[in-house]
Amino acid sequence: MKNILEAPFMIEMKRITENMYRLGWDERNAGNISYLLTEKEAEAYLDLNVCVRTFPLSIDAKALAGKTFIVTGTGKYFKNVQHEPEENLGIVRISDDGKSTRLLWGFSGGGSPTSEFSVHLMCHSARLKANPANRIIMHAHPTNLLAMTFVHSIDEKEFTRTLWQLCIEGIVVFPEGIAVLPWMLCGTNEIAEATAKKMDEHRLVMWAQHGVFGAGNTFDEAFGLIETAEKAAETHIKTMHVPRINIPTDAQIAALAEKWNVNYRKDWLS
Ligand code: 2HA
Ligand code: ZN
């Protein structure tokens with residue numbers, strides 16, 4: 001069996017959590033990431049019959065029965081993942097009845113998956129239906145996106161249009177727009193269901209006054225989505241106090257989308 005610490009997905013997990021921590025997106029224990037392993041990856045690096053411990057699930061994950069995920073731990077700090085991956089990360093497999101998960105590796109100090117694991121699993125299900133190649137669900141607290149939800153309308157059309165205006169590649173990177181949920185109690189099945197519903201059509205979902213969820217086929221893709229939206233939000237926050245005298249028109253933004261041939265939400269531009 002291959003050394004799990006050298007698996008590409010393990011290296012990516014370490015690099016991305018370090019990167020997100022350094023960007024200030026994941027203070028203390030903020031943020032969580034899950035990556036769906038292929039069966040080939042799982043078999044190459046793990047003994048799939050191992051059962052270190054089991055964790056009950058509060059949602060029905062039957063659609064993901066037998067699937068294996070590497071996931072960040074509850075209460076764990078992104079800054080520590082690279083130094084102690086086995087303590088801060090775990091690899092779990094969903095039971096056949098979808099009611100629990102079995103720990104195959106990690107959480108060596110007795111930890112368990114992120115408190116947002118229900119959201120992750122429901123979002124994986126939603127994204128896999130829309131795009132069978134989706135593998136990543138990522139949650140973070142990027143400062144400027146978060147700040148925007150305190151001072152900007154959280155109507156998702158208005159929120160998206162501002163982001164499209166303020167980052168040149170915004171409409172190309174997230175042409176379907178960014179969905180926004182109002183403040184809701186996190187760690188609950190209600191917010192998990194609401195987020196997954198938005199993920200039917202969107203890869204980016206804002207949680208107002210909390211943070212953002214991103215989805216993608218690769219670590220880079222999910223990260224790049226959040227990074228682009230965050231760049232737009234930063235430009236918004238930096239220019240909202242002064243008169244803006246040059247703003248791209250909706251026609252100019254649409255022209256970008258047309259040039260790059262992306263299927264954008266035409267009704268979200270006027
Ligand atoms: O994992 O970010 O939303 C800590 C959080 C909860
Ligand atoms: Zn959070």
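Numerical summary
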| quantity | calculated |
| --- | --- |
| Residue identified as at pLDDT 95 or above, among the small types (Gly, Ala, Ser), crowded, with 18+ Cβ neighbours inside 10 Å and over 30 Å from His236 (Cα atoms) among Gly211, Gly177, Gly111 | Gly111 |
| One residue from Ile191, Ile178 being within 16 Å of ligand 2 (Cβ to nearest atom), in contact with a helix residue (DSSP H, G or I) (Cβ under 9 Å, 6 or more places away or on another chain), in contact (Cβ under 8 Å) with a residue 40 or more places away in the chain and not aromatic (Phe, Trp, Tyr) | Ile191 |
| Checking Glu86 against (1) of a type outside the set (S, T, N, Q); (2) assigned to a loop (DSSP other than H, G, I, E, B); (3) more than 16 Å from ligand 1 (Cβ to nearest atom); (4) out of contact with any helix residue (DSSP H, G or I) (no Cβ under 6 Å at 6 or more places or on another chain), the condition it does not meet | (2) |
| First in region 56-69 and under 14 Å from Ala126 (Cα atoms), second anywhere and not in a helix (DSSP H, G or I), Cβ under 6 Å, 6 or more apart | Asp60/Gly98; Ala61/Ile94; Ala61/Gly98; Lys62/Gly98; Leu64/Ile94 |
| Residue in region 236-256 that is over 29 Å from Gly24 (Cα atoms), of a type outside the set (A, V, I, L, M, F, W, C) and not in a loop (DSSP other than H, G, I, E, B) present | yes |
| Subset of region 114-123 that is buried (at least 21 other Cβ atoms within 10 Å of the Cβ) and part of a loop (DSSP other than H, G, I, E, B) - its residue that is farthest from the chain's Cα centre (by Cα) | Thr114 |
| Residue count for region 205-221, restricted to those that are outside any loop (DSSP other than H, G, I, E, B) and either hydroxyl-bearing (Ser, Thr, Tyr) or within 15 Å of ligand 2 (Cβ to nearest atom) (or both) | 7 |
| Filtered residues of region 124-145 (kept if within 16 Å of ligand 2 (Cβ to nearest atom), more than 11 Å from the chain's Cα centre (by Cα) and surrounded by fewer than 23 Cβ atoms within 10 Å (Cβ to Cβ)) | Thr143, Asn144 |
| Out of Ile59, Ile33, Ile70, Ile91, sole residue that is modelled with pLDDT of 95 or more, under 20 Å from the mean Cα position of the chain (by Cα) and surrounded by fewer than 22 Cβ atoms within 10 Å (Cβ to Cβ) | Ile59 |
| Any hit, region 156-178, residues being among the hydrophobic types (A, V, I, L, M, F, W, C), out of contact with any Pro (no Cβ under 8 Å at 6 or more places or on another chain) and within 14 Å of His120 (Cα to Cα) | no |
| Test result for Glu158, among the acidic types (Asp, Glu), within 16 Å of ligand 1 (Cβ to nearest atom), over 15 Å from the mean Cα position of the chain (by Cα) and at pLDDT 95 or above | no |
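The values are calculated or read from the model by the stated rules, or taken from the named source; none is laboratory data. Only a predicted model underlies this, so the values are computations on that prediction, with no experimental measurement involved. No Cβ is skipped: glycine too gets one built from the backbone with ideal geometry, and neighbour counts run over all protein chains shown.
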